[in-house]
Every structure is written in structure tokens, then in C-alpha cells.
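Data first, discussion second: the structure below is written as C-alpha cells.
The values are calculated or read from the model by the stated rules, or taken from the named source; none is laboratory data. Everything quoted here is computed from the prediction, not taken from an experiment. Here the Cβ positions follow ideal geometry from the backbone for every residue, glycine too, while neighbour counts run over all protein chains shown. These accessible areas exclude ligands, DNA and RNA; they are computed on the full protein's heavy atoms, side chains included. Shrake-Rupley method; radii C 1.70, N 1.55, O 1.52, S 1.80 Å.
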Amino acid sequence: MPNYWDDFAPGAGRREPRADAVSDARRLSLNGSWRFRLSPTAAGTGDGFNKVGFDDSAWDTIRVPSHWVLEPVTPLAGGTARSLRGTDEGPLYTNTALPMPLDPPRVPTENPTGDYRLVFDVPEDWGRAVLRFQGVDSCAKVWLNGQELGFSTGSRLPFEFDAPVLPGENVLAVRVHRWSSGTYLEDQDMWWLPGIFRDVELIERPAGAIDDHFVHAGFNHRTGQGTLRVDASTPARVEIPELGISMAAGETATVPVQPWSAESPRLYRGTLTSAGETVELRIGFRTVEISDGVLRVNGRPVFFRGVNRHEHHPDTGRTLDRETMVRDIELMKQHNINAVRTSHYPPHPEFVRLCDEYGLWVVEESDLETHGFIYAGWEGNPPADPRWLPAMLDRTRRMVERDKNSPSVVAWSLANESWIGENFDAVEAWIRERDPSRPLHYERDPSYRNSDFASLMYPSLELLEQIGRREDPRPEEINDEDDARRRSLPFLLCEYAHAMGNGPGSLLDYHRILKAYERFCGGFVWEWIDHGFTHRDAAGREFIMHGSDVDYRPNGGRYCLDGLVFSDRTPSPGLAELKKVLQPVEISVAETIVIRNDHDAVGLEHLGFTWRLELDGVPRGNGVLAVPAVAAGESVTVPCPVDPGDEPGEWWLTVEAELREDTAWAPAGHLVAWSQGALAVRPKQRRAEPLRGPVSAWHQVSSDGGLRLGDAVFDPASGRLLRLGRLELDGPQLDVYRAPTENDRGQGGNNNLAAVWSAVGLDRMQHRTDRIEADGDRLRVAGRSAAATHPHAIEYVFDWTADGPGLRLEVSVDFTGPWADTPYQHRDIVLPRLGLRLGLPGAYEEARWFGRGPGESYADSREAAAVGTYASSLDGLQVGYPVPQENGNHVETRWLELSGAGLPTLKVEGDPVFHFTARRWTSEALERARHPHDLADSGRVWLNVDHAQSGLGSAACGPSLPEQYRLPREATTWSVRFQA
Ligand code: IPT
């Protein structure tokens with residue numbers, strides 16, 4: 001007799017899957033405080049625990065829903081109840097690797113098992129009832145009052161049993177295994193989090209209750225009519241008062257309606273009533289179709305501005321409360337995201353309901369990923385083994401049946417990363433029969449035989465262009481016929497722009513290509529949220545824990561931190577960039593203003609437009625911009641509302657589009673779209689200020705032995721700037737390094753620029769001063785920067801000129817020696833940065849600058865940063881990535897001022913621009929730190945005034961950093977001015 005938990009059968013004793021429904025049937029939430037005991041094997045606590053009279057008084061109490069690995073429970077070794085996080089009994093993170101031997105469907109004997117018990121009361125007058133679990137990870141066996149009801153696998157899917165409850169006291173016992181046959185089908189890149197992690201409820205089923213219903217609500221965009229039919233499992237009546245519909249279930253009505261879209265989520269509310277139950281209806285009329293290779297909803301092409309969303313909370317894992325789900329949706333809508341791929345499993349049903357209400361296009365994905373079989377060359381892959389078909393169909397059915405009535409769900413995704421197999425044919429056939437109204441998506445089979453979309457993850461910009469033109473190369477595995485069909489399909493970019501650490505770069509590049517070809521229906525950034533857990537170190541300091549913080553193998557390490565919002569849902573700079581790039585109104589600001597309505601469906605009536613004129617970031621006027629009606633997909637040109645003045649400087653006009661009224665997801669005044677244009681850039685005459693001090697004293701040796709130039713004093717041995725006016729500093733040094741970002745490290749052995757930098761020594765340059773020459777009004781310091789062991793070098797010349805009250809510095813660098821005499825190619829020996837590092841007194845506190853801001857910006861992530869004048873504390877310039885790495889850069893800075901109590905203001909001016917970062921620790925310390933709390937104030941402020949930095953890219957998963965964002969190793973000259 002095989003074990004139920006590691007056999008092919010997905011479950012036993014369960015009811016047929018059915019629609020998620022809100023109804024007037026009585027419902028008893030069984031969420032709350034349960035009894036719990038953890039055991040090392042599937043035998044759990046033994047046979048007795050399911051008996052009514054079992055004494056569980058010594059057991060832990062645990063809240064349900066939750067994951068036991070995140071709750072205080074007694075560890076296997078005994079002792080007192082405590083959180084298991086950080087231990088190998090706690091949350092474990094693997095990416096593609098399965099946490100157990102590949103021996104399907106069996107699992108190891110060591111199989112942590114949680115026995116749960118709940119005693120609950122049922123009112124005397126209750127009749128027949130069902131017991132519903134919305135999600136248990138990974139396998140549950142259930143007993144009610146000592147009677148076995150059955151078992152189930154399929155962690156992120158509901159299951160129900162007929163529940164012969166007794167009036168009065170009842171005892172529910174559930175045994176949950178961490179590993180099961182289901183584990184082989186649930187190898188998603190995420191934490192392994194066992195437990196009863198979604199709601200448990202008891203629902204009364206009176207005679208004549210509606211067990212299932214199916215809403216068919218299409219929209220004919222030619223006639224403006226909606227067609228409604230509601231099928232029910234029992235005779236029932238459909239009432240939609242607002243539409244004057246009153247008819248029997250199974251009948252059809254055609255009436256004029258407003259269609260549902262993510263932008264205008266119009267729902268018509270009504271009821272479906274049978275002899276025993278009334279179910280709420282929330283009807284959204286829409287028709288999804290693919291015609292001429294283009295995805296259309298309600299007759300118009302639809303463009304997914306999407307993200308991949310895992311369910312995650314830094315304290316409760318995949319147990320989410322409604323507030324957190326709403327928060328996700330609000331944040332998405334506020335950042336111009338209109339679509340969600342529910343990677344890689346059906347979310348809590350409330351999330352789908354909320355998508356109907358708030359308006360998000362949903363690509364709902366089944367709870368199926370068999371990635372771990374890649375380590376066996378896909379040998380034994382479940383989709384290719386008929387013994388797994390019942391489990392695959394079971395998962396598909398439970399998803400489709402649950403959410404079939406949601407207008408937001410516009411496509412079903414069969415699986416993620418499960419390679420190929422004939423079971424997908426049967427899965428596809430079942431869905432097409434049951435729900436022909438939605439297209440199907442499956443990315444990994446290169447023939448796309450079961451998919452209505454062609455789809456890929458992480459293509460390069462070049463490949464994406466080819467795909468847009470339907471010219472992408474044919475994969476070897478497929479024949480001509482499949483190839484022809486594949487090219488005819490619309491293309492859905494299911495993952496791109498890996499948002500790990502600082503990044504992703506190139507969001508604008510991707511968006512431009514996606515917008516340029518009708519084949520594309522948009523894309524989904526990987527991914528919405530970092531999956532990190534709050535944890536404390538031995539000293540009690542809180543930090544965000546990732547895979548490597550647990551001593552366990554295999555281990556996915558930091559890969560779980562790749563979201564657009566941090567684990568606590570604080571938006572990252574990447575999300576700010578995405579918001580700007582995805583804005584549904586394109587505005588181009590010049591002598592005339594062109595406004596393009598890039599929505600899928602709605603006009604711009606809900607937006608108010610304003611303008612603002614600034615001279616060098618200082619306000620010089622503002623007003624309302626009158627914009628005539630513009631239908632979706634149309635443009636309009638309006639005259640520029642204002643002329644620039646004659647004064648020198650940069651005259652920038654900013655146009656903004658804001659919500660006119662409160663919406664469910666943002667208040668009136670919320671900024672939806674904006675753009676800037678330089679109306680005039682009038683060069684400033686630099687005032688030729690007289691030099692201070694006698695000309696003949698320029699290079700005199702000062703009283704303290706330094707070399708003097710104007711107001712400045714240099715070290716005669718090293719040529720380093722020691723003093724500028726009253727400011728004591730550790731003058732600029734050539735700096736070509738940055739603390740590597742996750743993307744700099746690439747993926748596995750691929751695209752690891754950080755390794756190249758280290759191999760050629762950019763992370764440990766030593767400096768030598770070769771010449772110090774005083775020549776007229778100049779001081780020239782020439783030197784060489786090079787790394788230990790290497791013959792190659794950077795030769796530099798610093799040309800200092802006294803300049804009014806300050807100094808002008810011209811830097812020239814050249815690269816000498818056999819740089820590529822390492823295992824690396826010239827192409828990869830790029831510079832992370834080329835610039836100057838200054839050590840300044842620690843009392844500097846504030847930065848003001850004119851340039852891009854307020855957030856960080858890089859060469860390939862600068863859209864969200866507007867040109868203006870900004871102020872920030874130094875600490876406010878840091879972005880607290882949970883894994884310390886380069887951050888807080890500002891491109892195109894015209895000038896920067898640092899100030900602090902008792903210190904002269906340091907002003908840096910570009911010629912014309914520079915990049916800057918300023919922080920209380922060095923790049924080396926930033927690189928060494930494992931967590932943010934490892935970063936300590938060095939007592940100095942480290943200011944980088946850089947010619948440039950390389951871009952960010954998203955090579956942590958995806959293509960290498962595009963050529964145009966690589967900072968080349970070539971002779972360069974640039975200059976800046978310093979003044980204190
Ligand atoms: C892709 C996965 O679908 C996703 O779950 C995540 O792991 C992502 O990569 C990386 O973070 S699969 C990868 C092999 C392209």
C-alpha cells in the first residue's frame with residue numbers, strides 16, 4: 001500500500017471543484033488559535049491525535065492560517081516554543097533545486113509533519129455543511145470527529161469535503177506533511193513554507209444550495225451590447241436590477257452595457273437565487289480574443305503593463321491578510337501597473353476578487369512547476385509521464401473552476417518552467433472544453449503547441465526586436481509547421497527586467513520595443529516583491545533575511561530578493577522608474593506639446609493637466625494646461641503655454657497629469673504621468689573673479705609645508721588636495737570601482753562583471769604620484785593607478801587651476817598595458833565608474849543639487865528622475881537595499897553643495913555635468929557588508945564626483961549589460977570645479 005502523501009494520486013474524498021462564491025449560506029470561519037505539534041516524520045504524533053478525546057493540552061497553540069515555520073512552535077529537539085526562522089527547520093529557500101532527492105513520487109522519511117487540532121462549536125440548527133481549506137502546503141489529511149474525510153495535495157488551491165458536523169462540539173484534526181508527491185509539482189523559485197496557510201471555513205449547504213455557477217458575460221464592441229448567461233448547478237434565478245435583467249439561470253439576455261476593463265472596471269451587481277441559497281453576482285462584460293495575431297479585449301488591442309506577483313509578507317510568508325492584498329493593488333495601480341501574472345500559482349481568491357473590483361488584467365497561473373527535473377536532464381519530468389496526469393488535471397480544474405467568473409482573469413497560464421510533455425495536451429483540451437472564453441499561455445514549450453501566445457523570459461533587446469518583427473530564429477527542437485504557427489501568435493513577455501538589487505536597467509528600452517510592434521501584448525517584470533523575512537541577529541538587530549542566512553543546502557541564496565518593492569513593500573527606485581516608463585499618457589514637451597493617450601480603453605477626462613516653468617530649478621510660473629478630449633490610442637497637440645525668459649540658465653517646462661477625482665486606489669491629485677522639455681538653455685557667462693592673494697604666491701610653500709594654489713593647499717609629496725579655503729579634506733583620488741550590484745554579479749558564471757573587475761584589480765587599485773609640476777597658474781599632478789600582480793595601469797593627469805575663489809580640475813586618464821591579458825575579453829573589461837573620490841569631514845549633513853532627482857539615477861535608469869533643484873540629508877541619499885551594494889547615484893548633476901554645521905559649504909560644479917554619490921562609508925565597506933546593519937559610519941563623508949558610471953542592466957537573470965551602457969576603458973578627459 002503506497003503512502004497517500006507520496007503517491008501519484010492528488011487527493012481523495014474531496015468534493016468537485018467549484019466557483020469561488022460569496023453567498024448568504026451560513027459560514028463559520030475556523031481561523032484562529034489551534035493546537036499544534038511538530039514531528040520529524042510523516043507518522044506525526046501517531047495514531048491517536050485524530051480521536052475526539054485526545055489530550056492536546058500540552059501541545060503548542062498556533063494561529064491558523066499561518067506557516068508553522070514562521071510561528072513560535074516547539075522545535076523537533078524539544079525545548080520551548082520559538083520561531084524556527086533562521087534554522088534548517090524553518091523557512092528554506094531554493095530556486096530551481098528540489099529540496100529532496102529526485103525520486104518521484106517518493107519523499108524522504110525525514111518529513112516534518114504538523115498535527116493540528118481544533119475544537120469548535122456548530123449551532124444546533126445547522127444542516128449539511130462543507131469544510132473548505134483555501135490552501136495547505138503541501139499535503140493534508142483531515143479527520144472530523146474521528147472520521148477520516150480524505151486528503152489533498154496542491155498547496156495553493158482550495159479543497160472541500162462534505163463535513164458531517166454535529167450540533168455543538170466538533171473536533172477537527174489535520175495532519176500536514178512538509179514534503180509530498182505534490183512537492184515535485186511545486187518547485188517554484190520561492191521559500192518552502194509548510195502549513196495551513198490560508199483560511200479554513202465551514203459553509204452550510206442547505207437543500208437546493210448552489211454548488212456551482214458559471215457566468216458568461218461577453219461584450220460586442222460593435223453593438224455596445226453585453227450578453228449574459230449564468231449557468232447554475234441547480235434551478236435558480238438571475239437578477240441584475242441595474243440592467244433590468246430577471247431571468248432563469250441558463251437563459252441569455254442581451255442588453256446595452258459598459259464593458260469591463262482594467263482601466264474602467266465596471267461591475268454590475270446582482271444575485272443568483274435558488275431554493276436554498278443566494279449567491280452574489282459581480283458581472284464584468286468583456287470579450288477576450290486573438291485575431292490577426294493580436295490580443296484584443298472588447299475589440300481593442302490590450303497592452304499589459306505587468307508584474308509577476310508572488311504572495312509574500314516579511315512576517316507571515318504566503319499568508320496574507322486582505323489589507324496587504326489591497327496594499328499590493330493600490331501600489332500597483334499608483335505605479336501605472338495594469339496587469340498581474342500570478343506567478344506561479346493561484347493567489348488567495350480574495351486577491352482575484354480585488355482585481356475585479358480595482359481593475360487589473362490577470363494572467364492566472366496554475367500551481368505547477370517541475371523545474372527541479374532540469375537536474376536530471378528532464379528525465380522523469382511529470383508532464384511527460386501519464387501517471388502524473390490526474391494531479392496536473394486536478395490542479396488545473398481547481399484553478400479554473402474557482403476563478404472562472406472573474407472578469408479580471410483574461411488568460412490561464414498552464415504552468416511555469418515545466419518543460420514539455422503530453423499531459424499538457426490533456427490539460428489544454430480540458431480547459432478549452434470547459435472555458436473556451438480565455439486564451440491559454442505556456443511559455444516553456446518552444447513549439448507553443450498548447451499556448452495561444454508565443455512567450456519568453458528575459459530576452460535581450462535585440463532578440464525582442466526580432467520577435468516584434470516575427471523574425472526570431474527558429475528553435476532547433478521544433479518543426480516548420482510549429483514554427484509558422486508560433487510566429488503567427490501574439491507575444492507575451494512573461495518575465496523580463498529582473499529587479500534584483502539595484503535595477504533593473506533598460507526599462508525604457510524594453511517598453512519602446514514592446515510598444516513598437518502590434519504583436520506584443522506587453523510584459524511582466526520579474527518581480528513584484530522581495531521575499532525576505534524579518535529576522536534578528538544575536539545582538540537583537542533587525543534585518544531582512546534571505547536564503548543564505550540559513551545554513552542549508554541546496555540554497556537559492558539572495559535570489560529571493562528581486563522585487564520592485566522591498567520585503568516590507570517600500571517601493572524601490574526600480575518601481576519609480578517603472579511607473580514613469582509605463583505611464584499611460586505620453587507627453588512630449590517642446591515648442592508644442594504633444595499628448596498621446598496610451599490607455600487601452602479610456603479617454604483622458606479623468607486627468608487634469610498642469611504646467612510648471614523653472615529656471616535652473618527655481619519656479620518661474622505655472623498654470624493649467626487645457627487638453628481637449630483624446631480617445632485611447634489618439635494624440636493631440638496643444639500650444640506651449642509659456643515662453644522662456646531671456647535670463648541665462650536652463651528653462652525647463654514640466655507638464656503633469658493628475659487624477660481629477662479620488663479613485664479607489666489613489667486620491668485626487670495623484671500624479672499619473674509627466675514629462676519635461678528644455679525650452680531654452682542659455683549659457684551663463686562665468687564672472688572672471690580676481691584671484692585672491694598675490695599672483696606670485698600661487699605655488700609657494702605655505703607655512704605648514706603644503707603647496708599653495710589660490711586658496712588651496714596640496715601635499716607636496718602626493719599632490720593630494722589637503723585644504724580648500726577653510727575646508728580640510730582628503731583630496732580627490734582616481735576611483736574606478738563601485739560596490740558591485742546584484743546585476744554586476746550576473747547569473748551563475750554568466751555576465752559576472754564583478755568577477756572581471758576583481759580579476760583585473762579594479763577593486764584594489766594602488767596609486768602612485770609620478771610628477772608634480774607648478775606651471776604658471778597651474779598645478780599638474782601626474783600619476784599611475786594599478787592593481788597588485790598586474791602590469792596594466794591607468795595613467796592620469798590632474799590639472800589644477802586656481803579659478804576665482806575655487807579650483808578647476810581637469811582630469812585626463814589613459815589606459816596602458818595588456819589589460820586583456822586575463823581570462824577576460826576586452827568587451828567585459830568595462831569600468832564600473834570613472835571618477836574622483838574625496839574624503840570629507842563627517843559633519844557634512846545636507847546635500848543640495850541641480851540635476852536629476854530626487855531619487856537615484858543611472859545611465860539606464862534615469863526616466864523617473866526629473867531635472868530640478870533638490871535637497872536631501874546625506875543619509876536620505878542612501879537606498880537601503882537589503883544586500884548592501886552601489887546605490888544613490890545621481891546622473892547629469894550640474895552642481896552640488898554639501899553643508900554641515902561649522903563647515904564651509906563645498907560646491908562642486910560640472911563642466912557641464914557629473915555623477916555623484918555621497919555616503920558615510922566607502923565603496924569597499926559597502927561591498928563587504930552582508931546586511932545593512934553591518935554598515936558603520938566611518939567618521940568621514942565619502943563623496944564621489946564622477947565622470948560616469950556603467951549602467952545597471954538586469955544581468956542577475958537575463959542578458960548582459962547592453963553595449964551602450966558599458967563605460968568603456970578608453971582615454972577620457974573631463975573637468976569639474978570645487979569651491980569651499
Ligand atoms: C525564472 C522563473 O520563472 C522565476 O520563478 C524566477 O526564478 C526567475 O527566473 C529568476 O528570479 S526561470 C529562469 C531559469 C529564467
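Things to note:
- Relative contact order for the stretch 477-576, counting Cα pairs under 8 Å that sit 6 or more residues apart, in percent: 27 percent
- Stokes-Einstein diffusion for the chain at 10 °C, viscosity 1.306 mPa s, with a Kirkwood radius from C-alpha pairs, works out to 51 µm²/s.
- Difference of contour (0.36 nm per residue) and Cα-Cα distance, Ala81 to Ala58: 7.1 nm
- Dipole orientation for the stretch 386-511: of the candidates Leu464, Tyr496, Ser506, Tyr496 has the Cα lying most toward the positive pole (charges on Cβ; Lys, Arg +1; Asp, Glu -1).
- Kyte-Doolittle mean at least -1.0 and Cα axial length at least 20 Å: DSSP H helices in the chain: 389-403
- Largest-first principal axis extents of the Cα set of the stretch 122-211 (Å): 46, 28, 17
- Convex hull of the stretch 922-980 built on C-alpha atoms - directionally averaged projected area, nm²: 6.8 nm²
- Rounded accessible area per residue of the stretch 186-332, 1.4 Å, Å²: 34 Å²
- Protein accessible area in the stretch 474-549, 1.4 Å probe - carbon and sulfur %: 44 percent
- Accessible-area value, Glu471, 1.4 Å probe, nucleic acids and ligands omitted, Å²: 110 Å²
- Protection proxy ranking of 963-971, 708-716, 292-300, 888-896, by the mean of other Cβ atoms within 10 Å over each peptide's residues and highest first, is 888-896, 708-716, 292-300, 963-971.
- A cut-off of 5 Å between modelled amide H atoms, ignoring neighbours fewer than 5 places along the same chain, links Arg237 with Ala249, Thr273, Ser274.
- Relative contact order of the chain: 9 percent, from C-alpha pairs under 8 Å at least 6 residues apart in sequence.
- Listed residue (Phe49, Asn111, Leu76) projecting farthest to the positive dipole end of the stretch 30-119, Cβ model: Phe49
- Charge-dipole axis of the chain as Lys and Arg at +1 and Asp and Glu at -1 on Cβ define it, positive-most pick from Pro235, Thr324, Pro732: Pro732
- When peptides 499-506, 824-831, 777-784 are sorted by average Cβ neighbour count within 10 Å, with the highest value leading, the order is 499-506, 777-784, 824-831.
- Length added when fully stretched, Arg322-Glu728, from 0.36 nm per residue minus Cα-Cα: 140.6 nm
- Annotation: the stretch 1-80 has a Kirkwood hydrodynamic radius of 16.2 angstrom, from the mean reciprocal C-alpha pair distance.
- The count of lysine pairs in the chain with alpha-carbon distances below 28 Å, taking only pairs 8 or more places apart or on different chains, stands at 9.
- Sorted largest first by accessible area at a 1.4 angstrom probe radius, with every protein chain in place, the residues Glu481, Glu909 fall in the order Glu481, Glu909.
- Alpha carbon centroid spacing (whole Å) that separates the stretch 141-209 from the stretch 565-581: 36 Å
- Packing-based ranking, highest mean first, of 659-670, 405-416 given that Cβ atoms within 10 Å are counted: 405-416, 659-670
- Note on Asp162: accessible area is roughly 80 Å² with a 1.4 Å probe, heavy atoms of protein only.
- Using alpha carbons only, the radius of gyration of the stretch 440-578 set against its Kirkwood radius gives Rg/Rh = 1.10.
- Derived from the Cα gyration tensor, the three semi-axes of the equivalent ellipsoid of the stretch 376-419 are 26, 13, 5 Å, largest first.
- Dipole moment magnitude, nearest 20 debye, the stretch 1-81 about Cα centre, only Lys, Arg, Asp, Glu C-beta charged: 280 debye
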